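The values are calculated or read from the model by the stated rules, or taken from the named source; none is laboratory data. The structure presented is a predicted model; accordingly, all values stated were derived computationally and were not measured. Methodologically, a virtual Cβ is constructed for each residue, glycine included, from the backbone with ideal geometry; neighbour enumeration extends over all protein chains shown. Remember, those area values only see protein heavy atoms, side chains included, never the ligands or the DNA or RNA. Shrake-Rupley method; radii C 1.70, N 1.55, O 1.52, S 1.80 Å.
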Amino acid sequence: MTHRALHAQRLIALFVLGCLLFSFPLLSLFNTGGTVWGIPVLYAYLFGVWIGLIALMALVVERSTG
């Protein structure tokens, strides 16, 4: 398997992971009335997952170029 194909597979896997993490059944688990450090749980989850996905994508891209 070429390095480029492995890189593409990792990015596709991250895309699928993002789709799963932002799907309705999982989001409904965090749609509660609670807060985390004053931030509603749903918003904390959304932004936490978003930051995590961006960090993982940056890691994949940086490893493939360096």
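Compute the long axis of helix 41-65 from its Cα atoms, compare it with the longest principal axis of the Cα atoms of the chain, and write down the angle in degrees, 0 to 90, nearest 10.
The angle comes out near 10 degrees.
Note the full-extension length gain between Cys19 and Ala44 as 0.36 nm times their separation in residues minus their Cα-Cα distance, in nm to one decimal.
7.3 nm
So with the 1.4 Å probe, I'd like the accessible area per residue for the chain, rounded to whole Å².
That works out to 78 Å² per residue.
At 222 nm, what helix-only mean residue ellipticity would the chain give, in deg cm²/dmol to the nearest 500, using -39500 (n - 2.57) for each DSSP H run of four or more?
-25500 deg cm²/dmol
According to a simple spin-label model (label point 7 Å from Cα along Cα-to-Cβ), what is the distance in nm between Ala5 and Leu53?
2.7 nm
How large a share of the accessible area of the chain, in percent, is made up of carbon and sulfur atoms when the probe is 1.4 Å and the other protein chains stay in place?
74 percent
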